[in-house]
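Rule-based calculations on the coordinates, nothing more; no lab input. Keep in mind that this is a model prediction, so the values were computed, not measured. Cβ placement follows ideal geometry from the backbone for every residue including glycine, while neighbour counts extend to all protein chains displayed.
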Amino acid sequence: MEQRVCYRCLIRDLANSDYGERIGKYLDAIDPKDRTDDLLYEDRLSVCKACEKLETGTCLACGCYVEIRAAGKKTACPIGKW
Ligand code: SF4
């Protein structure tokens, strides 16, 4: 099946993507003490979804999947948006 491209989407928003499952497994492996709480996580992702640097779940400023970068307490947006 053809992969849908959505420049302002997160990986979890993409239908038929196994990346969502893989990212979920990665997030589950992060020690809870190192993870952002759900509210902060969603706040960060909402900023990413409105950002011109987001392309199909990847931040073009740093090359990370934003859903993983946003989950770290000690990580930050590479251009200071969060
Ligand atoms: S991490 Fe920062 S630069 Fe990258 S997509 Fe999110 S808001 Fe934009």
Measuring from label point to label point, each 7 Å out along Cα→Cβ, what is the Glu42 to Arg8 span in nm?
1.9 nm
Just rank Val47, Val66, fewest to most, by other beta-carbon atoms within 10 angstrom.
Val47, Val66
Candidate cut points under trypsin sites (Lys or Arg not before Pro) in the chain, DSSP loop plus at most 16 other Cβ atoms within 10 Å of their own Cβ, are Arg4, Arg8, Lys53, Lys73, Lys74, Lys81
Longest the chain segment clear of GluC sites (Glu not before Pro) sitting in DSSP loops (not H, G, I, E or B) with at most 11 other Cβ atoms within 10 Å runs 3-51
In the chain, taking the dipole from +1 charges on Lys and Arg beta carbons and -1 charges on Asp and Glu beta carbons about the Cα centre, the listed residue (Cys6, Val47, Gly80) farthest towards the positive end is Gly80
Charge tally in the Cβ shell below 10 Å around Asp34, where Lys, Arg are +1 and Asp, Glu are -1, Asp34 excluded:
+3
Note down the magnitude of the dipole of the chain about its Cα centre, charges +1 on Lys and Arg C-beta and -1 on Asp and Glu C-beta and zero elsewhere, to the nearest 20 debye.
260 debye
Helix-derived [θ] at 222 nm for the chain: sum -39500 (n - 2.57) over DSSP H runs of at least 4, divide by residue count, nearest 500?
-9500 deg cm²/dmol
Förster radius 22 Å - calculated FRET efficiency between Ile79 and Ile30 (Cβ-Cβ, nearest 0.05)
0.40
Given Cα pairs under 8 Å that are at least 6 residues apart, what percent is the relative contact order of the chain?
35 percent
